[in-house]
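K.L.:
Have a look at this one before I ask anything.
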Amino acid sequence: MRIRRALGLTAAGATVVLTVPVPALADTADTLYVNNAAPAHCSDDGPGTQAQPFCTVTAAANVVEPGQTVQVRYTQGYLEEVHLTRSGTPDKPITFVGTPASTTGSIGKLPLVGKGAHAFVVSGVHDVVVRQFAVRSTLDGVTVTDSARVTVDANTFGSDVRGAAVRVTGQSDHVTVSRNRLYQSAGVVAEGGAHGTVVTTNDLSRTLSGVRGTDAPGLTVVHNTVAFACGPSVTLDGASTGAVVENNVLTAHNGESLSTGPATTCGADTGGRGESEVVVAAAATAGTTVDFNVVHPFADASAYTWAGTAYRSPQSLTAATGQAGHDADQDVRFNPGNLPERNTLLETATAAIDSADPAAPGTLPADLDGRAALDDPLVANTPGGTGRDRGAHELEGLHSAYLQTMGINGSPDMGPPPLDIRLTASVTNSWPTKVTYTYEFDDGSAPLVTTDSSVVHTYTAVGAYHPTVTATDELGVRVVSPQLAYVYVNRPGPLVPVLNVRPVESGPALTYWADSSYSSGPWRIRDFRADFGDGTVVSSGVLQHTYARPGTYTVTLTETDEGGRTASVSKVVDVDYTDAQKALRSGERVRVLAQTSNDGLSDGQANYTSGSWGPFAKIAPADPAPVSVAAAYTANGNLHAVRTAFDGMVEVADWDRTGTLWGNWSAVPGKVPAGLNPSVTQVAAASIGNKLHVVALAEGRIFEAVGDYDSGRWSGWGEITAATWLHAPVGRIAVAAIGNTLHVAALGADGHLRVADGDYTRGTWSNGDLTAYIGSPSGITELSAAAIGSKFHVLALAGGNVHQATGDYAAGTWTSWANVSDAIGLGGSVTRLSAAATGNTLHLYGVGNGHLHNANGDYTAGRWSAWADVTAPGRNVPESGITGLAVAGS
């Protein structure tokens, strides 16, 4: 036995039954307006007219008089809890009505009302209507207490209603809850002595509970669809005597995955009750009628519990109690095109079609969607039933209409006047009923009413038109096509081809695009081709071509329109590599990664051979923003970016030189092993062959992981500080590789700079105290390193100046520290520092005063270039907020 997982939620419903659509409201003293949109210039101290409406529903509720209507305009929402304390009269009710944004009535298209516990609180009043609102609340959506003749009609309750959708309580009487849509919300509750409550023609889909009455005599539950609720579909507890439960469709599930179970989370049933769709307590059986319903429980559950006894089927309940004589158990399927908000019937739901009790109290003249009863010609009426269907929705055969427009010769719907257009209607009609079509041409001409599904109309004036068709069957069912058909009648004139030739930035080098989108003429262009001037002609798809070499070419565009006219235009184009492509071509290149405070991580490139800069562009976004970034090329020419992630993780993104694209960030396997959730404060990177060595500084200790791009494998994290007996804690690191050896410069907390060397041929580590050997600048805040030949260049930022020392591993010597700032004319302080090498040149990059600077040390010529601001117009370099910097040379 499956146990019903119903939350201990109760929900109440209340509405006065009004069965006709609301007419358009005139701007009279009988109408108060609410509109908080900016153009409305609303005021809660104003008159509430259309010219100056109220800003809040509450302001109107405080002054509304009997017979007046409060019209609430659809906007971004009314975040308020509205208390209704003023009453109407039986012949002059007070009506609150929302103006929908569309006529579909779907969730989200009605004015949203609600903030806090409730959206509407109705207390101690009578003759009040609440209609056409989208309700939001943390508890009950609408509460009706000690009130009479109150109607809650045509509203929507979504998943943000956490308590009951509608709760009727206290000494309330003759409250009606009608034509509402409840989707993933709570259900409807009548309790605490409320009597004569009518719950009719509502659609409850995947709700936490269905309709529940507790000590609510005279409760009427008719023509509702309750599908896939957590709790029972209908519950009568306590002294809820004299109830009527008729003409409902109540189903726990069906076999379609789209419709199984509520999307909301169901809680445990604190009562431990077995699952039933209709539950009537012993105290509620007196005078209660259950009949003409479709009731479908789970396969291992009961359809009914009557006075404490479970009954699996309608037949077993009828045999024992005489109830449910016309009930049926059918696995009802709903129209998947309308799910999940609307549980409309399919033709296969034969037990629900044309089988309702026409005399059931609380039955409305029309269904939830305003449809009158229709006799389905495909289904025989059941004994005692008529043409009315069970549930909230009446099935119709005519479901939809569509309209297609085209020129009479098969040409598109565009051209100069007079323009003959064929309009072809199509309908979805599951019944054998004849259909009449009413064509509206949207050009001021009279509608055309005919039984023909295809007609021709001549448009004589220039303009854009949106024709529609209304299909009406012989039963009176009407459907209107959406405004998806277009007719464009353009001014007469020539075909004017317009050609723009542009390089394709993201494609292969020397790829150009012939853009014809600005061509004009009264007819639609039928054919086009581009001759790119090197013997290549493209006549379909994207007019794009990759040239074999730079040069000057004449590109010709030829177009033919639907009128049969042909025209051409030519343009001379100088084909060359873009700045980005030049920067990526062969030569000495440096890639610059700049982490900014607001734009994320960007990648730029400088080609020192061609003397060109490529534009900076964002690479794969990183969230959260990294504390540190690093970069290195591997021998295969691919670039790898490294960043700190979170909770001790480090991530890598790879740039593939063959595709010139960045991949997504992926984690280096495993956390840096420096604690439970270690803080990684810096990363560095270098390569040996096609192996990327990622070095991480975490909790003052240095760790390394190696990614082998030939085998596609990563090593685990190993600790360099432990292997080399480096003094911890370490504050800053820098790395570079010479041959098969990784060199790590580490700044200790004692101010000493030490160098560790990992020889991967011998499998050994060694280290030395560089400060003890040659001294070091005081107050070092940044370290960077690069290798040229056998020389390991260490650069330190101290006091806003850049200092350099070089270790020649072939000669076994170190130079003394030199102040590079003096050689390059560095002015002002530097806050970020990074270095890379190409050929025999050291490239130094730094951030100062929010700008990116560069100087280059040419060891062949024996000189440094001046410290230059490369944040210049046209360079596309991030202009400010650089918080992280990494460079790599190739």
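The values are calculated or read from the model by the stated rules, or taken from the named source; none is laboratory data. Quantities reported herein were computed from a predicted structural model and do not represent experimental measurements. All Cβ positions, even for glycine, are placed from backbone atoms using ideal geometry, and neighbour counts span all protein chains on display.
K.L.:
Which count do you get for residues in segment 122-155 that are in contact (Cβ under 8 Å) with a residue 60 or more places away in the chain and of a type in the set (S, T, N, Q)?
P.N.:
4
K.L.:
Of all residues in segment 498-519, which are assigned to a loop (DSSP other than H, G, I, E, B) and either of a type in the set (Ser, Thr, Tyr) or modelled with pLDDT under 95 (or both)?
P.N.:
Let us first name the residues in segment 498-519 that are assigned to a loop (DSSP other than H, G, I, E, B), namely 498-499, 504-510, 516-519.
Selection gives Val504, Glu505, Ser506, Gly507, Pro508, Ala509, Leu510, Ser516, Ser517, Tyr518, Ser519.
K.L.:
Output the residue which, of all residues in segment 523-539 that are buried (at least 19 other Cβ atoms within 10 Å of the Cβ) and part of a loop (DSSP other than H, G, I, E, B), is farthest from the chain's Cα centre (by Cα).
P.N.:
Once the filter is applied, the top-ranked residue is Gly533.
K.L.:
Okay, moving on. Mind listing whichever residues of segment 479-494 are outside any loop (DSSP other than H, G, I, E, B) and without any contact (Cβ under 8 Å) to a residue 24 or more places away in the chain?
P.N.:
none
K.L.:
Exactly one condition in (1) under 17 Å from Gly187 (Cα atoms); (2) free of Cβ contacts under 8 Å to residues at least 40 places away in the same chain is false for Lys115; which is it?
P.N.:
Answer for Lys115: the failing condition is (1).
K.L.:
So, one more: Out of all the residues in segment 18-35, which are out of contact with any helix residue (DSSP H, G or I) (no Cβ under 9 Å at 6 or more places or on another chain) and at pLDDT 95 or above?
P.N.:
Correct list: Thr31, Asn35.
K.L.:
Where in segment 197-248 are the strands (runs of 3 or more DSSP E), entirely inside, with at least 1 residues that are at pLDDT below 95?
P.N.:
Details: elements: 198-200, 203-205, 211-214, 220-222, 225-227, 234-237, 244-246.
By residue number, 203-205, 225-227.
K.L.:
Considering each of Val569, Val542 in turn, give the residue that is over 43 Å from the mean Cα position of the chain (by Cα) and either assigned to a loop (DSSP other than H, G, I, E, B) or surrounded by 13 or more Cβ atoms within 10 Å (Cβ to Cβ) (or both).
P.N.:
That would be Val569, the only listed residue that is over 43 Å from the mean Cα position of the chain (by Cα) and either assigned to a loop (DSSP other than H, G, I, E, B) or surrounded by 13 or more Cβ atoms within 10 Å (Cβ to Cβ) (or both).
K.L.:
Also, I was wondering about something else. So how many residues does segment 773-805 have that are over 16 Å from Val730 (Cβ atoms), of a type outside the set (Phe, Trp, Tyr) and out of contact with any helix residue (DSSP H, G or I) (no Cβ under 9 Å at 6 or more places or on another chain)?
P.N.:
Here the count works out to 15.
K.L.:
Mind listing just one residue for me: the one in segment 443-497 that is at pLDDT 95 or above and among the acidic types (Asp, Glu) and, of those, farthest from Val569 (Cα to Cα)?
P.N.:
Asp452
K.L.:
Scan segment 431-452 for residues that are in contact (Cβ under 8 Å) with a residue 24 or more places away in the chain and either exposed (fewer than 15 other Cβ atoms within 10 Å of the Cβ) or under 10 Å from Pro467 (Cβ atoms) (or both) and jot them down.
P.N.:
Initial filter on segment 431-452 (in contact (Cβ under 8 Å) with a residue 24 or more places away in the chain): 431-442.
Residues satisfying the conditions are Pro432, Lys434, Thr436, Tyr439, Glu440, Phe441, Asp442.
K.L.:
Can you list the strands (runs of 3 or more DSSP E) lying wholly within segment 49-138 that have 3 or more residues being surrounded by 21 or more Cβ atoms within 10 Å (Cβ to Cβ)?
P.N.:
Counting at least 3 such residues, we get 69-73, 94-99, 126-131, 134-137.
K.L.:
A further question follows. Please indicate, with yes or no, whether at least one residue in segment 574-582 is under 30 Å from Val650 (Cα atoms) and modelled with pLDDT under 75. Reasoning before the result, please.
P.N.:
Here is the first cut: in segment 574-582, the residues under 30 Å from Val650 (Cα atoms) are 580.
Next, only the ones that are modelled with pLDDT under 75 stay: 580.
Scanning segment 574-582, I find at least one residue that is under 30 Å from Val650 (Cα atoms) and modelled with pLDDT under 75, so the answer is yes.
K.L.:
Taking segment 453-481 only, how many residues are over 39 Å from the mean Cα position of the chain (by Cα) and among the β-branched types (Val, Ile, Thr)?
P.N.:
Let us first name the residues in segment 453-481 that are over 39 Å from the mean Cα position of the chain (by Cα), namely 453-462, 473-476.
Then keep just the ones that are among the β-branched types (Val, Ile, Thr); that gives 455-456, 458, 460, 462.
Going through segment 453-481 one residue at a time, the tally reaches 5.
K.L.:
Quick one: in segment 627-643, of everything that is β-branched (Val, Ile, Thr) and modelled with pLDDT of 90 or more, which residue is nearest to Leu885 (Cα to Cα)?
P.N.:
Here the answer is Val629.
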